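Heads up, the thing below is written out as structure tokens.
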Amino acid sequence: MISDGRLDAAHFAAMAAAIHPQLDFIHLREKQRSARELLDMTGKLLLAGVPSSKLVINDRVDVALAAGAAGVQLAWHSLPLSAARAAAPVLRLGKSVHSVQEAEEAGRQGADFCLFGHVFPSVCKPGQQERGLAQLADAVRVCGIPLIAIGGITPANTGLVLRQGAAGIAVMSGICSADDPLAAIRAYRRAVIQAEDKGGEGA
């Protein structure tokens with residue numbers, strides 16, 4: 001799950017506490033928060049019982065290290081992968097990519113995984129052209145590292161995504177904006193398990 005930056009820290013921590021057993025990772029994408037505010041938010045998550053091993057912090061290598069998070073997600077404006085690796089060798093480094101070429105570069109530069117999207121039309125990216133399943137499959141083929149797909153993914157199309165070779169899925173509004181986030185996550189989890197049973201790769 002990727003946070004959408006719309007919930008206050010206490011509300012998000014309470015939600016995360018209830019749903020994290022169904023999740024592999026919680027990616028805090030809180031661009032509006034300062035480093036201090038983001039660290040405070042991670043503290044609330046930890047106090048609520050969310051394991052630090054499930055936390056991925058967007059962009060901020062310093063906050064990820066201070067919080068004892070599992071990893072950091074690097075964007076185009078973040079530290080270069082080589083600099084992030086030198087500064088934080090204990091972190092798993094993810095790279096956000098938006099093309100087949102960027103996916104290949106992320107693998108070549110030593111990212112541990114990449115986040116590729118948006119695959120389908122997404123409410124988070126209004127008016128922007130989706131990459132589609134063909135580009136997703138090509139990105140998986142060339143990147144050489146686990147690729148997590150994002151963007152417009154629903155339980156209904158999860159199987160299609162995983163059958164392209166994606167190592168997993170990342171979801172923002174499908175969970176954060178759901179009336180019942182736990183029910184939403186369970187629906188995604190069932191879709192992943194069904195895809196695994198049919199030969200897709202898991203999340």
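The values are calculated or read from the model by the stated rules, or taken from the named source; none is laboratory data. Bear in mind the structure is a predicted one, so any value in this text is a computation, not a measurement. Note: ideal-geometry Cβ built from the backbone for every residue, glycine included; neighbour counts use all protein chains shown. SASA here: full protein model, heavy atoms, side chains in, ligands and nucleic acids out. Shrake-Rupley method; radii C 1.70, N 1.55, O 1.52, S 1.80 Å.
To put it simply, the accessible area of the chain at a 1.4 Å probe is 53 percent carbon and sulfur.
Please count, across the chain, the pairs of lysine residues with Cα atoms under 24 Å apart that sit 8 or more places apart or on different chains. Don't jump to the answer; show the numbers that get you there.
Details: 31/44; 31/54; 31/95; 31/125; 44/54; 54/95; 95/125.
Lysine pairs, 8 or more places apart or on different chains, close enough: 7.
Electrostatic tally near residue 93: other residues with Cβ closer than 9 Å to its Cβ, Lys and Arg +1, Asp and Glu -1, net +2.
Placing 81, 182 in order of accessible area, with the largest value first and a 1.4 Å probe, yields 182, 81. Per residue, region 131-203 exposes an accessible area of 45 Å² to a 1.4 Å probe, with every protein chain left in place. DSSP bridge analysis restricted to region 27-119 gives an antiparallel fraction near 0%, rounded to the nearest 5.
For region 45-100, the percent of C-alpha pairs falling in each 5 Å distance bin, counted from 0 to the bin holding the largest distance, reads 4, 21, 31, 21, 12, 8, 3, 0. Ranking of 59, 197, 8 by solvent-accessible surface, largest first: 197, 8, 59 (1.4 Å probe, protein heavy atoms only, all chains present).
Across region 22-35, coupling constants 3J(HN,Hα) worked out from phi with the 6.51/-1.76/1.60 Karplus curve, θ = phi - 60°, read 8, 10, 7, 8, 10, 9, 8, 10, 10, 5, 7, 8, 6, 4 Hz, and Gly and Pro carry x. Return, ordered by residue number, the residues of region 9-31 whose backbone nitrogen is under 19 Å from a label point located 7 Å along Cα→Cβ of residue 40. Once the point is set 7 Å along Cα→Cβ of residue 40, 9-16, 28-31 turn out to lie under 19 Å by backbone N, inside region 9-31. Please give the residues of region 85-105, grouped as numeric ranges, whose backbone N is less than 16 Å from a label point set 7 Å along the Cα-to-Cβ vector of residue 134. Backbone N within reach: 99-101. Each principal axis of the Cα cloud of the chain was evaluated for its coordinate range; sorted largest first, these ranges are 41, 40, 33 Å.
Name the residue farthest towards the positive end of the dipole of region 33-126 from the options 113, 46, 75, assuming +1 on Cβ of Lys and Arg, -1 on Cβ of Asp and Glu, about the Cα centre. The Cα lying farthest towards the positive end belongs to 46. Between residue 178 and residue 197, residue separation times 0.36 nm minus the direct Cα-Cα distance comes to 4.2 nm. Surface calculation, 1.4 Å probe, protein heavy atoms: residue 37 sits at approximately 90 Å² accessible.
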